[in-house]
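Undergrad: Below are the structure tokens for one structure; questions will follow.
Laboratory data are not the source of any read-out in this text; all were calculated from the coordinates shown. These figures come from a predicted structure and were not determined experimentally. Here Cβ is always computed from backbone atoms with ideal geometry, including for glycine, and neighbour counts include all displayed protein chains.
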Amino acid sequence: MIVIPARNEAPRVGAVVRAAKSTFPGIPVIVVVNGCTDSTAAVAAEAGAEVLHSEPGYGQALLTAYRHAAGIRGLPWLIQMDADGQHPVSAIPRMIEALQDADVVVGSRLVDGGSSVGWSRRRRWTIRLMSTATRWISGLNIEDVTSGFQAFRPDVVSVLAQEFDPELTDANVLVRLDRMGFCIREIGVPMEKREGGESMHGGVRSAIFAGKTLMAVSQEIRS
Ligand SMILES: Nc1nc2c(ncn2[C@@H]2O[C@H](COP(=O)(O)OP(=O)(O)OP(=O)(O)O)[C@@H](O)[C@H]2O)c(=O)[nH]1
Ligand SMILES: [Mg+2]
């Protein structure tokens, strides 16, 4: 299953859904929307996605998708990716292959084969800072802990359906899964910067989110 959280991505989501549907015919593509003031849901449905509606927020969209997926018997894998075109569908086969010997695969801008051409220096430093701080606090050796491009085996999806905190969707989740004994691998993925639309990042809100995430990482290693 391919899961795509989307808010106000009408100009971008159609191409992502069509690429996913043509690369993986027969695999459900689920777009989870909330808070949209544009035609994201209609565009996604027109492109062939199943559209779910959730409570407000990125994390709520993911939680809704995990719960939906956990109820499906024989689910082979779950990919989560952005609706804005930053996460190339062409990388998904490599991520699924990497799930052969991992429980979680992170699509990474910062390991061999990955890139973040055109991204602002500030954003690149933020990603490195979050990853370095997470490593210092928890020992988790992942270079791109902020990537939303991830693949999960079904047993991880079951855990996320139960335990995922929709307010804290980042490094702390990977630290929890690592401490539960799941194997996390990273593979390089080239990611473009966002073209158009509104990012959920930026300003004071992002700084507060980063601080809360690192506090949650610290709590994970104490519990
Ligand atoms: N359903 C839903 N989706 C959201 C919400 N906020 C963000 N998203 C989607 O989640 C994905 C990630 O959000 P982005 O703003 O692209 O975050 P990002 O990729 O880390 O930041 P950029 O590099 O600036 O794009 C995108 O597909 C968004 O449309 C939300 O409140 N609800
Ligand atoms: Mg994005």
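Undergrad: Given contacts defined as C-alpha pairs under 8 Å and at least six residues apart, what's the relative contact order of region 2-222, whole-number percent? Could the numbers behind the result be given before it?
TA: Numbers: 401 pairs, mean separation 53.5, N = 221.
The value is 24 percent.
Undergrad: Loop only per DSSP, at most 13 neighbouring Cβ atoms within 10 Å: give me the GluC sites (Glu not before Pro) in region 148-205, ordered by residue number.
TA: Values: sites: Glu163, Glu167, Glu186, Glu192, Glu195, Glu198; in loops: Glu167, Glu192, Glu195, Glu198.
Those that pass, being in a loop and sparsely packed, are Glu167, Glu195, Glu198.
Undergrad: Okay, next question. Amide H neighbours of Val32 under 5 Å, at least 5 residues apart or on other chains, H built in the peptide plane: list them.
TA: When sequence neighbours closer than 5 places are left aside, the close amide H contacts are Ile4, Ala6, Leu52.
Undergrad: Tell me, what ³J(HN,Hα) does each residue in region 39-53 have, in order and in whole Hz, if you take phi through Karplus 6.51 cos²θ - 1.76 cosθ + 1.60 with θ = phi - 60° and put x for Gly and Pro?
TA: With coefficients 6.51, -1.76 and 1.60, one gets 9, 3, 4, 5, 5, 5, 5, 4, 7, x, 7, 8, 10, 10, 10 Hz.
Undergrad: Placing +1 on the Cβ of each Lys and Arg and -1 on the Cβ of each Asp and Glu in the chain, which of Val189, Tyr58, Pro76 has its Cα farthest towards the positive end of the resulting dipole?
TA: Value: Val189.
Undergrad: Which ³J(HN,Hα) values in Hz, rounded to whole numbers, follow from the phi angles of region 78-95 under the Karplus curve 6.51 cos²θ - 1.76 cosθ + 1.60, where θ = phi - 60° and Gly and Pro get x?
TA: In residue order, the calculated couplings are 10, 10, 10, 8, 7, 8, 8, x, 6, 9, x, 4, 4, 7, 5, x, 5, 5 Hz.
Undergrad: If you don't mind, another one. How big is the Cα convex hull of region 12-101 in projection, averaged over all directions, in nm²?
TA: Numbers: hull surface 24.1 nm².
Over every viewing direction, the Cα hull of region 12-101 projects on average to 6.0 nm².
Undergrad: Using every pair of alpha-carbon atoms in the chain, split the distances into 10 Å bins beginning at 0 and state the percent of pairs per bin, rounded to integers.
TA: 8, 35, 41, 15, 1
Undergrad: Still on this structure: By counting other Cβ atoms within 10 Å of each Cβ, how are Ser108, Ser199, Ser116, Ser206 ranked from fewest to most?
TA: Numbers: Ser108 27, Ser199 10, Ser116 19, Ser206 14.
Taking fewest neighbouring Cβ atoms as first place, the list is Ser199, Ser206, Ser116, Ser108.
Undergrad: What is the local net charge at Ser131, summed over the other residues whose Cβ is closer than 12 Å to its Cβ (Lys, Arg +1; Asp, Glu -1)?
TA: Residues near Ser131 contribute 0 overall.
Undergrad: A further question follows. Report the semi-axes of the equivalent ellipsoid for region 160-223 in whole Å, largest first, where each axis is √(5λ) for an eigenvalue λ of the Cα gyration tensor. Write out the running numbers ahead of the final one.
TA: On the way: eigenvalues 116, 62, 23 Å².
So the equivalent ellipsoid measures 24, 18, 11 Å along its semi-axes.
Undergrad: Could you give each residue of region 127-133 its phi-based ³J(HN,Hα) in whole Hz, using Karplus coefficients 6.51, -1.76, 1.60 with θ = phi - 60°, and x for Gly or Pro?
TA: Values per residue, Gly and Pro as x: 4, 5, 4, 4, 5, 5, 4 Hz.
Undergrad: Quick one: which residues, 5+ away or cross-chain, put their amide H under 5 Å from the amide H of Arg185? H built at 1.01 Å from N.
TA: Sorted by chain and number, the residues that satisfy this are Asp103, Val104, Val105, Val106.
Undergrad: Sticking with this structure for a sec: Considering only DSSP states other than H, G, I, E and B, which trypsin sites (Lys or Arg not before Pro) in region 29-124 qualify as loop sites with at most 12 other Cβ atoms within 10 Å?
TA: Working: sites: Arg67, Arg73, Arg94, Arg109, Arg121, Arg122, Arg123, Arg124; in loops: Arg73, Arg109.
In loop regions of region 29-124 (DSSP not H, G, I, E or B), the sparsely surrounded trypsin sites (Lys or Arg not before Pro) are Arg73.
Undergrad: Give, rounded to the nearest 20 debye, the magnitude of the charge dipole that the chain has about its Cα centre when Lys and Arg contribute +1 at Cβ and Asp and Glu contribute -1 at Cβ.
TA: Working: 23 positive and 24 negative charges, 94 e Å.
Roughly 460 debye, rounded to the nearest 20.
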